[in-house]
Amino acid sequence: MPNYQAPRRDIQFVMHEVLAMADHYKTLQGGEDIDAEMIDAILEEAAKFSENILAPINASGDEEGCSWNDGVVTTPSGFKQAYTQYVEGGWPSMSHSPDVGGQGLPESLGTMINELSGTANWSWSMYPGLSHGAMNTIEAHGTEEQKQKYLLPLVEGRWTGTMCLTESHCGTDLGLLRTKAELQADGSYAITGTKIFISAGEHDMVDNIVHIVLARLPGAPLGTKGISLFIVPKFDVNDDGSLSQRNQVKCGSLEHKMGIHGNATCVMNFDGANGYLIGPANKGLNCMFTFMNIARIGTAAQGLCAAEGAFQGALEYTKERLQMRSLAGPVAPEKAADPIIVHPDVRRMLLTAKSFAEGGRMLVYFLAQLNDTVSRNGDSDEGKEADVLLSLLTPIAKAFITETGVESANLGLQCFGGHGYIREYGMEQIVRDARIATIYEGTTGIQALDLLGRKVLMTQGESLKVFTKIIYRFCKAEAENEAMAEFIKPLMAANKEWGELTMKVGMAAMKDRNEVGAASVDYLMYSGYVTQAYFFARAAKVAQEVLAGKTSETDFYQAKLFTARFFFARLLPRTQTHATTMLAGAGTLQDLNEDHFRF
């Protein structure tokens, strides 16, 4: 099994040297006292918890899975105990307001914790992970009474939360949902319907589970404009906060899944369950996006976790596995064969996974930084720009990092050869666990339509310009720096081409709306490569500056520089295929009659 080691130094590099998080925190309300020492202390404790508590029950949790018995779900051995330790450590409350029992620390610190726990054991991390979105939704849209009743136990980790959105006939089109909400005499609503794919919908870790549920009021408008949002607890809650009778919501079954076996993915049946309207009637989808945007960043982190886990497992193996001799001559002549890490193709696979892990980390943490600014300083000019950037980059991060996470997981398995396909080595679990990330919280295709259609074309490219100008200013500032030329010249060219491609796709879409859908995934992947190239250029600049002085970590910074060079030389050129494909025209997809697909 892969021996997970938290990438402490890599995380410190991003937090301290690339994103200057300690300086960022000083600009936030409530973050003034956070310094690098505090960040490192939190990182160290979270790393120990992930390595020592979560990683050891990852494979066993996958093997054992969850069990269902008449609506009661039991999690794998060790999961409940790990959650108790998680709560005792104060981790659930870290990024929430002191007004509701939290510690008041910025949410970006929580993102760092999510990476560590997620790479160590993604299935387990989903139980507390879904709660944060539920808490943020209640905090943003709930009444004072709802906040008092539900937030404190959620923040303390005594309860967990879920999001109950889709139904068997809906998929992504939530406008088709049929779950109904009928007003009751006491002002609550009777919620009736069935929701599917509910992560952590039922389990044995806590006394109560708070479901955030989309449903339709009688006479509501059709489609997405007629959806409302409700709080539906597993157990009703008395005014004093104690638990009352069991609500009419029950887990009908567990999904039999390809991966994430340790997490309970539930079919949830609501049979006249007591629900409480949160936010305005028929505005549930708007309120839900408080939940969804955070969930999408969290899902992007899953792609990062897959890449990091696959890289670590493959690196350890390729250093030890002996097979064949180096084409350039024996590297270990005293051994029967050379370690396979000497072979160029093995290095290609390792460096691809390493690049996607490090690039994903920089982008996810940058989004977390933007989210801090929006949530705490949203009314400032800086906050408004951060909001535009967050809106633009979230679909890129969610789709690109999960897609490259799956690629990295497959490459990690490939490094093992046939052994990678065998369960005992743990690499096939990473592949299975990673695969869902490209699907849930909006598939890659949905994220691509959101990016190109809503975020870029519907704003006439203005949202894109906010980010491309940042890249342009960075390139201009480094234009005379000869040491940076190998990064700046291709980055400047790709940034310019990004705008040109946007205009070409937009012009084609004016004649045929299908051009948006035909170009969208290639457009998103192109955007992802350019976005990560920008961060690798920033990382390279940091590494060069440190290496120009005195450092005891020469190898570390040289590796950062080498990885940036690999990305620019071998991964950024993929943009040219995406550029060609996105301009190939909708006709190459749409002109074939659907009846002819079978021939």
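Here, each number is a calculation from the coordinates, and none is a lab measurement. Predicted model, so just to flag it, every value in this text is computed and none were measured. A quick note on method: Cβ atoms are made from the backbone with ideal geometry, for glycine too, and the neighbour counts reach across all protein chains shown.
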Sorted by mean Cβ packing within 10 Å, highest first, what order do the peptides 551-562, 497-508 take? 497-508, 551-562
Counting only pairs 8 or more residues apart or on different chains, how many lysine pairs in segment 463-533 have their Cα atoms under 23 Å apart? 11
HIS169, HIS132, HIS343 arranged by Cβ crowding within 10 Å, fewest neighbours leading: HIS169, HIS343, HIS132
Could you tell me the convex hull volume per residue, in Å³, taken over the Cα atoms of segment 406-495? 140 Å³
Inter-centroid distance (Cα atoms) of segment 207-260 relative to segment 1-68, Å: 31 Å
Rounded to the nearest 0.05, what FRET efficiency is calculated for ALA281 and HIS256 with R0 set to 51 Å and r the Cβ-Cβ distance? 0.85
Contact order relative to length of segment 489-599, as percent, for alpha carbon pairs under 8 angstrom and 6 or more apart: 37 percent
Which residues does the label zone of ALA140 cover in segment 302-316, counting backbone N under 20 Å from a point 7 Å along Cα→Cβ? 302
What's log10 of I(q)/I(0) for segment 500-572 at q = 0.24 Å⁻¹, Debye sum over Cα points only, no solvent? -0.98
Size of segment 458-586 along its principal axes in angstrom, Cα-based, largest extent first? 59, 25, 19
Nearest 0.05, what FRET efficiency do GLU37 and ALA485 give at R0 = 45 Å with Cβ-Cβ as r? 0.80
Pairs of alpha carbons in segment 139-282 whose separation is greater than 24 Å (percent): 28 percent
Likely footprinting exposure, LEU571, LEU54, fewest C-beta neighbours within 10 Å first: LEU571, LEU54
Tell me, in nm to one decimal, what length is gained between GLU156 and PHE289 on full extension, where the rule is 0.36 nm per residue of separation less the Cα-Cα distance? 45.5 nm
Can you report the principal axis dimensions of segment 380-421 using only the alpha carbons, biggest first, rounded to whole angstrom? 55, 13, 8
TM-like helix rule applied to the chain (DSSP H, alpha carbon span at least 24 Å on the long axis, mean Kyte-Doolittle at least -0.5) gives 122-141, 284-320, 344-377, 381-415, 485-511, 514-547
How high is the relative contact order of the chain? Use alpha-carbon pairs under 8 Å, at least six apart in sequence, and give a whole percent. 13 percent
One finds, for TRP68 and LEU592 with R0 = 51 angstrom and r their Cβ-Cβ distance, a FRET efficiency to the nearest 0.05 of 0.70
Computed lengthening from LYS476 to SER97, 0.36 nm per intervening residue step minus Cα-Cα distance: 132.4 nm
In terms of modelled amide H atoms, which long-range or inter-chain residues lie less than 5 Å from the amide H of CYS164? ILE212, VAL213, LEU214
Check cross-link reach from LYS195 to the lysines: straight Cα distance under 26 Å, and skip same-chain residues fewer than eight apart. LYS80, LYS147, LYS149, LYS180, LYS225, LYS234, LYS250, LYS257, LYS283, LYS398
Helix-only mean residue ellipticity at 222 nm for the chain, each DSSP H run of n ≥ 4 adding -39500 (n - 2.57), per residue, nearest 500: -17000 deg cm²/dmol
Give the value in nm², to one decimal: projected area of the alpha carbon convex hull of the chain, averaged over all directions. 29.9 nm²
With +1 on the Cβ of every Lys and Arg and -1 on the Cβ of every Asp and Glu, and nothing else charged, how large is the dipole of segment 458-586 about its Cα centre, in debye rounded to the nearest 20? 120 debye
With label points built 7 Å along Cα→Cβ from the Cα atoms of ILE422 and GLU497, find their separation and express it in nm. 4.4 nm
Once normalised by the length of segment 191-271, the mean sequence separation of its alpha carbon contacts under 8 Å that are 6 or more apart gives a contact order in percent of 41 percent
Can you give the extra length, in nm with one decimal, that the chain gains between LEU222 and THR577 once fully stretched, where that is 0.36 nm per residue apart less the Cα-Cα distance? 123.7 nm
Place a +1 charge on the Cβ of each Lys and Arg in the chain and a -1 charge on the Cβ of each Asp and Glu, then give the dipole magnitude about the Cα centre in debye, rounded to the nearest 20. 1540 debye
